[in-house]
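Have a look at the structure below before the remarks.
The values are calculated or read from the model by the stated rules, or taken from the named source; none is laboratory data. All of these numbers come straight from a predicted model, not from anything done at the bench. Using ideal geometry, Cβ is built from the backbone for each residue, glycine included, and neighbour counts are taken over all protein chains shown.
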């Protein structure tokens with residue numbers, strides 16, 4: 001069953017097109033990641049689906065309700081965590097949670113089991129002002145408040161921005177436990193490596209999806225062979241590789257360089273020799289598996305200059 | 001001549017009973033890209049402030065760009081560049097005005113600023129936008145502009161504090177290519193990031209936890225030493241053992 005089904009959603013702000021015919025669907029009970037750079041329109045899409053703004057054209061059915069006509073009912077069934085911390089800094093952790101619970105007319109005790117995996121880390125700070133919490137703790141409080149009414153769908157806007165790798169791992173584990181309760185999660189991120197925690201991802205740029213699918217589907221749809229180059233001076237080799245006539249694209253990838261050649265079976269021996277002649281660098285070249293980043297780089301068809 | 005552009009010995013910073021940075025020693029070579037990693041609260045910012053001459057160590061000593069961090073911090077300040085994602089440019093000024101402002105702060109002559117500005121805007125491909133406000137530029141362009149301005153005065157080291165948040169992989173790579181280009185000209189790049197795949201772009205990295213440098217080496221060395229397939233894994237192995245968290 002589909003938790004979200006959107007059709008041709010358009011939204012513009014003045015002359016700026018934020019959403020351009022967004023059509024996609026999200027299966028119930030899965031984690032869907034909207035992956036794309038800042039300014040792509042991810043937040044506008046999340047705000048539209050969670051009825052904080054209305055589309056100019058098109059509509060979506062979220063949890064069985066139309067976002068344009070049935071928003072009042074829909075709001076009872078969704079949770080939304082904005083990108084910027086929006087709780088009351090001058091209320092305590094406990095007071096913020098009580099406030100949210102009372103808005104949705106639920107009691108904390110009744111629904112405690114839903115927020116427990118997140119809130120347990122905040123228990124020692126119940127009486128602390130929200131403004132005095134660390135970044136990671138603020139994020140957990142915001143998530144608790146978005147969950148307190150047991151929503152069916154949870155919208156998270158850039159939940160892991162500025163969060164260190166340990167807290168991010170912890171956050172992924174928390175999302176897995178929330179998902180296990182049958183809650184559908186839709187999140188946005190500008191980091192490709194977050195794809196690994198999603199069942200399904202959509203590359204989002206310039207107000208629309210470029211591609212959607214499970215991380216595995218997206219990787220296996222990448223048809224070109226990709227080569228990894230190891231060398232000492234990456235910058236020199238990168239610049240020289242761009243000048244090689246059979247290079248389609250090349251870019252830095254971690255401590256290696258990734259190259260896609262124009263032929264499907266490239267002459268790597270000549271390439272190695274060319275690099276040695278022009279840069280005096282001995283390289284190690286080998287075929288490698290594409291990553292989600294490689295897929296995004298290729299599909300967005302923007303090559304570094 | 002000393003090839004180490006940063007040379008730090010037993011650096012410690014205490015705030016009352018709290019030891020933010022505990023006896024760290026390391027050195028960074030000229031033209032190196034050095035990744036300075038650590039969880040939130042590990043002591044990175046405090047350490048960077050001491051390196052930039054903004055904070056005095058409680059004990060320990062060292063040199064940055066050949067000057068003593070204990071007493072020659074004014075000389076250090078004029079020889080380093082700094083860029084962070086949080087604050088780098090004035091959004092309500094144009095690129096040209098930002099260049100003039102920062103060039104002036106670093107004591108460049110008006111004529112030099114004008115010359116440098118035109119090359120810089122040309123290289124970044126934003127010459128036609130030099131009169132727009134910075135806030136109207138895409139994030140990727142802003143970051144490249146901020147970086148270019150941070151090295152306008154040709155510093156010996158540039159400190160980049162989480163420089164690449166929020167951009168797509170393509171813009172991020174363009175940014176890293178600028179870093180490589182800068183390093184190839186002999187400017188040392190000292191960078192912090194929360195994104196471990198970026199850490200793999202560095203020549204060497206260090207990982208801090210509980211105010212100490214727990215490990216230091218090339219990405220490959222660290223992965224070998226910790227029997228990990230990625231720096232993310234190395235990082236988590238170190239940081240989950242940390243007491244402060």
Q.
Among the residues that make up region A:194-204, is at least one of them in contact with a helix residue (DSSP H, G or I) (Cβ under 9 Å, 6 or more places away or on another chain), assigned to a helix (DSSP H, G or I) and more than 14 Å from chain B (Cβ to nearest Cβ)?
A. no
Here, strands (runs of 3 or more DSSP E) confined to region A:214-305 with at least 3 residues that are under 28 Å from the mean Cα position of the chain (by Cα) and at pLDDT 90 or above are A:226-230, A:247-253, A:256-261
When residue B:166 is run through (1) assigned to a helix (DSSP H, G or I); (2) surrounded by fewer than 21 Cβ atoms within 10 Å (Cβ to Cβ), the failure sits at (1)
Filter region A:15-31 for residues that are surrounded by fewer than 22 Cβ atoms within 10 Å (Cβ to Cβ) and assigned to a strand (DSSP E or B); the one that is nearest to the other protein chains (Cβ to nearest Cβ) is A:16
Scanning region B:16-63 for residues that are in contact (Cβ under 8 Å) with a residue 60 or more places away in the chain, assigned to a loop (DSSP other than H, G, I, E, B) and away from chain A (no Cβ under 14 Å), the one surrounded by the fewest Cβ atoms within 10 Å (Cβ to Cβ) turns out to be B:30
Restricted to region B:207-245 and to residues being part of a helix (DSSP H, G or I) and under 11 Å from residue B:39 (Cβ atoms), the residue farthest from the other protein chains (Cβ to nearest Cβ) is B:238
(Q) Kindly evaluate residue A:168 against the criterion of being closer than 30 Å to residue B:218 by Cβ, surrounded by 19 or more Cβ atoms within 10 Å (Cβ to Cβ) and in the same structural domain as residue A:116 (by TED's automatic domain parsing). (A) yes
Scanning region B:64-98 residue by residue, the ones that are assigned to a strand (DSSP E or B) and either within 17 Å of residue B:139 (Cα to Cα) or free of Cβ contacts under 8 Å to residues at least 40 places away in the same chain (or both) total 4
In region A:133-158, residues that are more than 14 Å from chain B (Cβ to nearest Cβ) and either surrounded by fewer than 22 Cβ atoms within 10 Å (Cβ to Cβ) or closer than 22 Å to residue A:43 by Cβ (or both) total 15
Of the candidates A:36, A:41, A:79, the one satisfying the condition of being in contact with a helix residue (DSSP H, G or I) (Cβ under 6 Å, 6 or more places away or on another chain), within 14 Å of chain B (Cβ to nearest Cβ) and surrounded by 15 or more Cβ atoms within 10 Å (Cβ to Cβ) is A:36
Subset of region B:158-177, residues within 11 Å of chain A (Cβ to nearest Cβ) and either on the phi > 0 side of the Ramachandran plot or at pLDDT 95 or above (or both), comes to B:162, B:166
Taking region B:211-224 and keeping residues in contact with a strand residue (DSSP E or B) (Cβ under 7 Å, 6 or more places away or on another chain) and either within 26 Å of residue B:180 (Cα to Cα) or surrounded by fewer than 20 Cβ atoms within 10 Å (Cβ to Cβ) (or both) leaves B:212, B:213, B:214, B:215, B:216, B:217, B:218, B:219, B:222
Those residues of region B:178-206 which are touching a strand residue (DSSP E or B) at 6+ places or on another chain (Cβ under 8 Å), closer than 23 Å to residue B:236 by Cα and either more than 8 Å from chain A (Cβ to nearest Cβ) or at pLDDT 90 or above (or both) amount to B:190, B:191, B:192, B:193, B:198, B:199, B:201, B:202, B:203, B:204, B:205, B:206
Residue check, residue A:117 touching a helix residue (DSSP H, G or I) at 6+ places or on another chain (Cβ under 9 Å), modelled with pLDDT under 95 and buried (at least 16 other Cβ atoms within 10 Å of the Cβ) = yes
Does region B:88-110 contain at least one residue that is modelled with pLDDT under 90 and within 22 Å of the chain's Cα centre (by Cα)? yes
Residue count, region A:179-188, condition in contact (Cβ under 8 Å) with a residue 24 or more places away in the chain and either surrounded by fewer than 23 Cβ atoms within 10 Å (Cβ to Cβ) or out of contact with any strand residue (DSSP E or B) (no Cβ under 9 Å at 6 or more places or on another chain) (or both), comes to 4
Within region A:190-213, the count of residues that are crowded, with 19+ Cβ neighbours inside 10 Å, farther than 30 Å from residue B:184 by Cα and modelled with pLDDT under 90 comes to 3
